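Asks: Provided herewith is a single structure, encoded as structure tokens, for subsequent inquiry.
Laboratory data are not the source of any read-out in this text; all were calculated from the coordinates shown. Computed from a predicted structure; not experimentally measured. Here the Cβ positions follow ideal geometry from the backbone for every residue, glycine too, while neighbour counts run over all protein chains shown.
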Amino acid sequence: MLKILERLAVYTLTRVVLIALIATLLVFSGITAYNLSNIYITVNEAMDKQAQAVLDDLPIEQLNKYFTSNYLNNEFYQLKKRYQSLDIASYKHSSKVHINILAPWAKEAYIMVEDIITDIVLVPRQDEDGNVVKQVIPKWNNSSKRLHMVYTDGRWKIDGVVK
């Protein structure tokens, strides 16, 4: 009888441990999926808002949701400075985000993103004589960028571009 109770206890204990492991795995995979989807959405929206802020004069306050002050004071400021004297009529924008799997407890991540802006069209300017002034459009950096993201204030934010 003792042998049966011992086998029952081992059987029950192994099943409890197995169920606990499966539950832990499910929780970790759920948290990871949640983080990855948040990062993907944040990066796509951030790149779109950044393009609007640089090319369409979107208020910079709307970027605080997506970027840390470190990014806004460094990379964004340099980008904005290149285009601030131009009146842009239209452009085409697209982003491609490449995400690696993160640990569920991660508080920072590195993400590859292709931020592509093409077909920038300027509003024509005229000089005092009514002649159209030739304007030079700075080329947008359409290369892949490695973004450093941090989890702060309950959300993922872009903190900088890794060179």
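Asks: Quick test for you: out of Lys81, Lys92, pick the one residue that is of a type in the set (Lys, Arg), more than 17 Å from the chain's Cα centre (by Cα), exposed (fewer than 13 other Cβ atoms within 10 Å of the Cβ) and closer than 16 Å to Asp115 by Cα.
Replies: Values: Lys81 fails: closer than 16 Å to Asp115 by Cα.
Among Lys81, Lys92, only Lys92 is of a type in the set (Lys, Arg), more than 17 Å from the chain's Cα centre (by Cα), exposed (fewer than 13 other Cβ atoms within 10 Å of the Cβ) and closer than 16 Å to Asp115 by Cα.
Asks: Let me ask you something else. Residue by residue through segment 130-149, note down the ones that are within 16 Å of Tyr40 (Cβ to Cβ) and of a type in the set (A, V, I, L, M).
Replies: Leu147, Met149
Asks: Scan segment 95-119 residue by residue and report those that are surrounded by 14 or more Cβ atoms within 10 Å (Cβ to Cβ) and either of a type in the set (D, E, K, R) or more than 23 Å from Thr68 (Cβ to Cβ) (or both).
Replies: Selection gives Glu114, Asp115, Ile116.
Asks: Another question, if that's okay. Kindly indicate whether Tyr40 is in a helix (DSSP H, G or I), touching a strand residue (DSSP E or B) at 6+ places or on another chain (Cβ under 9 Å), closer than 20 Å to Trp105 by Cβ and aromatic (Phe, Trp, Tyr). So that I can check it myself, show each step before the final result.
Replies: Numbers: in a helix (DSSP H, G or I): yes; touching a strand residue (DSSP E or B) at 6+ places or on another chain (Cβ under 9 Å): yes; closer than 20 Å to Trp105 by Cβ: yes; aromatic (Phe, Trp, Tyr): yes.
Here the answer is yes, as Tyr40 does meet what is asked.
Asks: Right, another one. Which of (1) of a type in the set (A, V, I, L, M, F, W, C); (2) closer than 16 Å to Ser85 by Cβ; (3) free of Cβ contacts under 8 Å to residues at least 60 places away in the same chain is the odd one out, the single condition Ile116 does not satisfy?
Replies: If we test Ile116 against (1) of a type in the set (A, V, I, L, M, F, W, C); (2) closer than 16 Å to Ser85 by Cβ; (3) free of Cβ contacts under 8 Å to residues at least 60 places away in the same chain, just (2) comes out false.
Asks: Please go through segment 120-150 and give me each residue that is touching a Phe, Trp or Tyr at 6+ places or on another chain (Cβ under 9 Å) and either farther than 17 Å from Val162 by Cβ or loosely packed, with under 12 Cβ neighbours inside 10 Å (or both), ordered by number. Spell out the reasoning first.
Replies: Taking segment 120-150 first, the residues touching a Phe, Trp or Tyr at 6+ places or on another chain (Cβ under 9 Å) are 120-121, 137-138, 140, 146-150.
Answer for segment 120-150, where residues must be touching a Phe, Trp or Tyr at 6+ places or on another chain (Cβ under 9 Å) and either farther than 17 Å from Val162 by Cβ or loosely packed, with under 12 Cβ neighbours inside 10 Å (or both): Ile120, Val121, Ile137, Pro138, Trp140.
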